[in-house]
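S.K.: After the structure tokens below, expect a handful of questions from me.
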Amino acid sequence: MRILLHVCCGPCSITVARTLLDEGHELEGLFFNPNIHPLGEYAKRRDGALEVAERLGFPLRVLDAEYDPKVFFRAVTGREDDRRCGECYRIRLTRAAELAREGGFEAFTTTLLYSKYQKHEDIAALGQGLAADGTGFLYRDFRSGWKDGIRISKEWDIYRQQWCGCLYSENERYRALLKT
């Protein structure tokens, strides 16, 4: 099957891409993540994703020209609590679904399904809702590869981050640094 894989970062893409490639799928990656801030963080994650794609031998399309943080912030305004994640998924998976249809892919999926921190039920429902015109959404629970992905990303010295990418998540991750 020809699959478009939305890639959020290098470490998350390792096990997902390896699994799909080992199953014999034709894979193309897509790096589209307007949620990642600041720009320097975006560049580190993009470069890590490019390195993983090169190591594993699949093409990775990077949409740097479409990187616009305003898209993310406008979508999550008023939803800064946990509801922001659904909007973030929607932005990225909608673009992946569009490009998958335009490119004649049989399916699209996302490396978000590797993370034990993401809301799999929400991602699966959204992906199924975006499937259309002969392009399906491939839902797989890739979390069983969590430890392998971490180990390999460390061995390969791929940039590893400690939060999902948005400023809200970073603030939650490092909140303990504040003296309250």
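The values are calculated or read from the model by the stated rules, or taken from the named source; none is laboratory data. Predicted model only: the values in this text are computed from it and were never measured. So basically every Cβ, Gly included, is an ideal-geometry build from the backbone, and we count neighbours across all protein chains shown.
S.K.: Consider region 122-180. How many of its residues are surrounded by 11 or more Cβ atoms within 10 Å (Cβ to Cβ), among the aliphatic types (A, V, I, L, M) and over 19 Å from the mean Cα position of the chain (by Cα)?
M.R.: Count: 1.
S.K.: Now a separate question. Looking at region 154-180, which of its residues are part of a helix (DSSP H, G or I), of a type in the set (S, T, Y) and over 24 Å from L50 (Cβ atoms)?
M.R.: Y168, Y174
S.K.: Now a separate question. Specify which of the listed residues (R2, R92, R84, R55) is among the basic types (K, R) and farther than 22 Å from Q128 by Cα.
M.R.: R55
S.K.: Does G145 satisfy being assigned to a helix (DSSP H, G or I), closer than 26 Å to E54 by Cβ and in contact (Cβ under 8 Å) with a residue 12 or more places away in the chain?
M.R.: yes
S.K.: Got at least one residue in region 154-169 being in contact with a helix residue (DSSP H, G or I) (Cβ under 9 Å, 6 or more places away or on another chain), of a type in the set (S, T, Y), in contact (Cβ under 8 Å) with a residue 60 or more places away in the chain and on the phi < 0 side of the Ramachandran plot?
M.R.: Within region 154-169 (the criterion being in contact with a helix residue (DSSP H, G or I) (Cβ under 9 Å, 6 or more places away or on another chain), of a type in the set (S, T, Y), in contact (Cβ under 8 Å) with a residue 60 or more places away in the chain and on the phi < 0 side of the Ramachandran plot), the answer is yes, since at least one residue qualifies.
S.K.: Does region 95-112 include one or more residues that are among the acidic types (D, E), more than 24 Å from F137 (Cα to Cα) and in contact with a helix residue (DSSP H, G or I) (Cβ under 9 Å, 6 or more places away or on another chain)?
M.R.: No; the residues of region 95-112 include none that is among the acidic types (D, E), more than 24 Å from F137 (Cα to Cα) and in contact with a helix residue (DSSP H, G or I) (Cβ under 9 Å, 6 or more places away or on another chain).
S.K.: Give me the residue from region 66-83 that is more than 17 Å from L30 (Cβ to Cβ) and under 18 Å from the mean Cα position of the chain (by Cα) and, out of that set, modelled with the lowest pLDDT.
M.R.: Only one residue tops the list, namely D82.
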